[in-house]
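Read the structure below first, then the notes.
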Amino acid sequence: MRKNSIPRIILTVILFVMSLFFLFPVIWMLANSFKTDAAITADMNSLRAFVPPALNGSFFENYVTVIKDTDFIRYMLNTLFYAAILIVAGVIVNGLAGYALAKIKFPFRERWALIIMMLMIVPSETIITINFLFVAKMGLLNTIFGYILPMIVNPFNIFLFRQVFVSLPDDVWEAAQLDYCSPVKYFFTMVLPMSKTVVATVSVFTFLGVWNDYLWPSLVFTSSDLLTAQIGLNSITSNDNTTMGQTLAVITMITIPVIIIYALFSKQIVEGVVSTGSKEG
Amino acid sequence: MSFIEFKNIEKQYPGADKKSVTDFNLEINEGEFIAFVGPSGCGKSTTLRMIAGFEDITGGELYIDGKKVNDVLPRDRGIAMVFQNYALYPHMTVEKNISYGLKNMKVPADEIKRKTDWAINILGLEEYRNRKPKNLSGGQRQRVALGRAIVKNQKVFLMDEPLSNLDAKLRVSMRNEISKLHRELGSTTIYVTHDQVEAMTMADRIVIMRNGVIQQVGKPMELYEHPANKFVAGFIGSPQMNFYDIILKGNIITFADGNTMKLPDSVIFKLPAQQGEMILGIRGEDIKLDQQNLDVFSENKHSAVIENAEVMGNENNLYFTFGGSQTIARVSKYEISGIGDKIDFVFNPAKLHFFDKNTEVRYV
């Protein structure tokens, strides 16, 4: 360890400087989200732009204004709700599909897997019109179900599950059969708990996908009661009465959950993605 | 009536040009400990998996406790199984692993507790009951797998090379534990192994398989003393039996290297009309180096030079070339010979085995 300490220090310094470089816009955003527009303009050309104002009675004013005068909290809660439903539904549906492709023998299984993998390269924007028409024909526009339905199946998540399930030992399933475990029960009580990492990875990716999605909810939802955070962000920031400080406060509020998720699950995200490329995973 | 009955059981995998198991006929009595033994690919595990219901039976009929089970689901066959890789549920504790099946069987909670405690106690797992499998050693994991099997009180235990992942020392102690457990529970057990020592030491009867075909079924000493063919003779026993290509003319054996040996009438008597080329087999311990045997069988005394010696502690294995074949003599620890030493030896004529040159079936 001692032998490596100097290169290690150099590496740490380099990484620290690089992380500052990437964090610079975030720090700027955070610092200015507490300021008035006048203060933001005044600090623009100095290092004070990266320093929040002194803590006083009006420190959180931009945030209080956004929370009081807009429905942004509601939009965030809506998005959290949609994300929760999609995580549960996505893990079940994509997980079952991944399990079938990994473990159940049926004709042309490998070709089906290949077709599903090929779907990964199709950009979601190219099928959004079809999805919209499909949802509209079913009379599901402006409903939660209409928003969620086309988002449940995700080829990438199926691929992730399949790659992990392939490496699950078959004899555990055989032992479970002798323990009177049904296939469905096996999936929920054995397969998913044995694959926590990929479940966490898929959940995080699903959450981020829902949280950051703008196009699909903007097409499906017209009722303000159902809007998501990204649409709320757009409507608030494009309002002429919204100040720069309030805009930055909204952006901060929408960014924080993403940062928390990454901070909490970065290990699982890396492990999950790495494990899908390795049979031993 | 037999408890498990195989009637012309066959297995052929889709796309395979030959059968993995061919015309397998066997009757197993209730409470018996049967070992399926043979080299890799002989069909022993496939047969076990057909009993479990994890492989389809492509021909023949299988009966357990009088009921045909060809199309019965694994869980409804009344079997418990111990797997080679333990197949424990990695996210469950020892206690939950053992009790999982009982819970699915809707056994009352107090009964589950009683049975789980009994299994944990009998297998010495008390201090590990709240540990997960990853925090257990190989031997402890194997005990949990055994616990999971015994707790359900099934009619038949299937064990698929359960000790193959353990080190040599642990294998011996687990062998003893499994035998003890079998005696205590009295359950019908089918044990698959490629290790003939495990089969010999544990089983009431051994089924030896090769290329999907039963070679011989019998008690351990029957197989050892009276192997049905050269394959069985070579498979059972360590070191393996020595084999020689010979020509028998009258009562004289001529080995490939020109050495000869006169057979006593008692042996010739057992070989009616069998003359000409054949294979002679003799076990290492039946090659005698001690003076008493050299005196008794003096007219058949031969000499050789030791090429290698394995000192085992309780005995020695001496390697030398004789009769055109590598020969291993198993001698007592007191009969020490070094590499390069010349030794005199005789074959105990009462322990000779003769096999047909073509079919390799044993004459006597």
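Could you tell me which residue out of A:L178, A:N142, A:N212 lies farthest along the dipole of region A:127-213 toward its positive end? Charges go on the beta carbon: Lys and Arg +1, Asp and Glu -1, centred on the Cα centre.
A:N142
Within region B:283-314, what residues put their amide N at less than 16 Å from the label point 7 Å along the Cα-to-Cβ vector of B:S332?
B:285-296, B:312-314
Under 17 Å from a point 7 Å along the Cα-to-Cβ line of A:L133: which residues of region A:150-186 have their amide N that close?
Zone members listed by number: A:150.
Using DSSP to call loops (not H, G, I, E or B), can you name the chymotrypsin sites (Phe, Trp or Tyr not before Pro) in region B:259-338 whose Cβ has at most 16 other Cβ atoms within 10 angstrom?
B:Y334
Anyone know which of B:A87, B:A329, B:A145 comes out most mobile in the 10 Å Cα GNM of chain B?
Of the options given, B:A87 has the highest mean-square fluctuation.
Using amide H atoms built 1.01 Å from N in the peptide plane, name the residues 5+ places from B:E55, or on other chains, whose amide H lies under 5 Å from its own.
For B:E55, the qualifying residues are B:M50.
Would you please name the trypsin sites (Lys or Arg not before Pro) within region B:1-71 that are DSSP coil residues with at most 14 other C-beta atoms within 10 Å of their C-beta?
On the way: sites: B:K7, B:K11, B:K18, B:K19, B:K44, B:R49, B:K67, B:K68; in loops: B:K18, B:K19.
Answer in residue order: B:K18.
Can you tell me how much longer the chain between A:T222 and A:V26 gets when fully stretched, taken as 0.36 nm per residue apart minus their C-alpha distance, in nm with one decimal? It would help to have the intermediate numbers written out before the result.
Details: separation 196, 0.36 × 196 = 70.56 nm, distance 3.12 nm.
Extra length available between A:T222 and A:V26 comes to 67.4 nm.
7 Å from Cα along Cα→Cβ at both B:K106 and B:Y13: what's the point-to-point distance in nm?
Each label point is offset 7 Å from its Cα along the Cβ direction, giving 3.9 nm.
Give me the net charge for the shell around B:H194: Cβ to Cβ below 10 angstrom, other residues only, Lys and Arg +1, Asp and Glu -1.
Numbers: positive: B:K44; negative: B:E161, B:D195, B:E198.
Around B:H194, the surrounding residues sum to -2.
Under 10 Å, Cα contacts only: if you run a Gaussian network model on chain A, which one of A:Q163, A:Q230, A:Q177 comes out with the highest mean-square fluctuation?
Of A:Q163, A:Q230, A:Q177, the most mobile in the Gaussian network model is A:Q177.
Connecting C-alpha atoms closer than 10 Å in a GNM of chain B, tell me which of B:N176, B:N314, B:N259 has the biggest fluctuation.
B:N314
For n ≥ 4 DSSP H runs only, could you compute -39500 (n - 2.57) per run for chain B, divide by its residues and tell me the 222 nm figure to the nearest 500?
Working: 10 runs with 95 residues, N = 364.
My calculation for chain B gives -7500 deg cm²/dmol from helical runs alone.
Tell me what chain A gives for mean residue ellipticity at 222 nm when only DSSP H runs of n ≥ 4 count, each as -39,500 (n - 2.57), the sum divided by the residue total, rounded to 500 deg cm²/dmol.
Details: 14 runs with 199 residues, N = 281.
That calculation yields -23000 deg cm²/dmol at 222 nm.
Give me the distance in nm between label points sitting 7 Å out from Cα along the Cα-to-Cβ direction at B:D65 and A:L119, one decimal.
For B:D65 paired with A:L119, the spin-label model returns 4.6 nm.
Pull out a ≥ b ≥ c, the square roots of the eigenvalues of the alpha-carbon gyration tensor of chain A, then state rounded if a/c is under 1.5, prolate if not and a/b is larger than b/c, and oblate in the remaining case. Kindly include the intermediate steps, with their values, before the conclusion.
Details: a/c = 2.60, a/b = 1.44, b/c = 1.80.
Cα axes put chain A in the oblate bin.
Once phi is turned into θ = phi - 60°, what whole-Hz ³J(HN,Hα) does the Karplus curve with 6.51, -1.76 and 1.60 give for every residue of region B:2-17, x standing for Gly and Pro?
Running phi through 6.51 cos²θ - 1.76 cosθ + 1.60 with θ = phi - 60° gives 5, 8, 10, 10, 9, 10, 6, 5, 9, 9, 9, 6, x, x, 7, 8 Hz.
Applying the Karplus parametrisation 6.51 cos²θ - 1.76 cosθ + 1.60 with θ = phi - 60° to the phi angles of region A:96-109, what ³J(HN,Hα) value in whole Hz is obtained for each residue in order, glycine and proline being reported as x?
With coefficients 6.51, -1.76 and 1.60, one gets 5, 5, x, 5, 4, 5, 8, 10, 9, 7, 8, x, 6, 4 Hz.
Which whole-Hz ³J(HN,Hα) couplings does region B:248-263 yield from phi under the Karplus relation 6.51 cos²θ - 1.76 cosθ + 1.60, θ = phi - 60°, glycine and proline marked x?
In residue order, the calculated couplings are 9, 9, x, 10, 10, 9, 10, 7, 4, 8, x, 5, 10, 8, 9, 8 Hz.
Which of the chymotrypsin sites (Phe, Trp or Tyr not before Pro) found in region B:1-78 are loop residues per DSSP with 12 or fewer other Cβ atoms within 10 Å of their Cβ? Kindly include the intermediate steps, with their values, before the conclusion.
On the way: sites: B:F3, B:F6, B:F24, B:F33, B:F36, B:F54, B:Y63; in loops: B:F3, B:F54.
Passing both the DSSP loop test and the Cβ count: no residue.
How many angstrom lie between the C-alpha centres of region B:1-78 and region B:179-206?
17 Å
With contacts defined as alpha carbon pairs under 8 Å and 6 or more residues apart, what's the relative contact order of region B:4-235 in percent? Can you show the working numbers first?
Numbers: 422 pairs, mean separation 66.1, N = 232.
Rounded, it is 28 percent for region B:4-235.
Over chain A, what relative contact order in percent results from Cα pairs under 8 Å that are six or more residues apart?
Relative contact order here is 30 percent.
At 0.36 nm per residue, minus the direct Cα-Cα distance, what do B:V72 and B:T321 gain on full extension? Give it in nm, one decimal, please.
Extra length available between B:V72 and B:T321 comes to 84.1 nm.
Can you tell me what share of the DSSP beta bridges in the protein assembly as shown is antiparallel? A percent to the nearest 5 is fine. Spell out each step's value before the answer.
Numbers: 55 of 73 bridges.
So the antiparallel bridges amount to about 75 percent of the total.
Can you give the extra length, in nm with one decimal, that the chain gains between B:R131 and B:K169 once fully stretched, where that is 0.36 nm per residue apart less the Cα-Cα distance?
So the chain would gain 11.3 nm between B:R131 and B:K169.
Add +1 for every Lys or Arg and -1 for every Asp or Glu among the other residues with Cβ under 12 Å from the Cβ of B:L170, and state the total.
Numbers: positive: B:R141, B:R143, B:K169, B:R171, B:R175; negative: B:D167, B:E177.
Local net charge: +3.
To the nearest 20 debye, what is the magnitude of the charge dipole of chain B about its Cα centre, counting +1 on the Cβ of each Lys and Arg and -1 on the Cβ of each Asp and Glu?
Values: 46 positive and 46 negative charges, 302 e Å.
That gives chain B a dipole magnitude of about 1460 debye.
Out of residues 5 or more away from B:V82 or on other chains, whose amide H comes under 5 Å of its own, with H placed 1.01 Å from N in the peptide plane?
Under 5 Å from the amide H of B:V82: B:L158, B:M159, B:D160.
Please get the size of the charge dipole for the protein assembly as shown, origin at its Cα centre, with Cβ charges of +1 on Lys and Arg and -1 on Asp and Glu, quoted in debye to the nearest 20.
Numbers: 63 positive and 62 negative charges, 190 e Å.
With only Lys, Arg, Asp and Glu charged at Cβ, the dipole is about 920 debye.
None of the figures in this text is laboratory data; all of them are computed from the coordinates on show. Being a predicted model, the structure only gives us computed values, none of them experimental. When we count neighbours, we look across all protein chains shown, and the Cβ atoms used for this are built from the backbone with ideal geometry, even at glycine.
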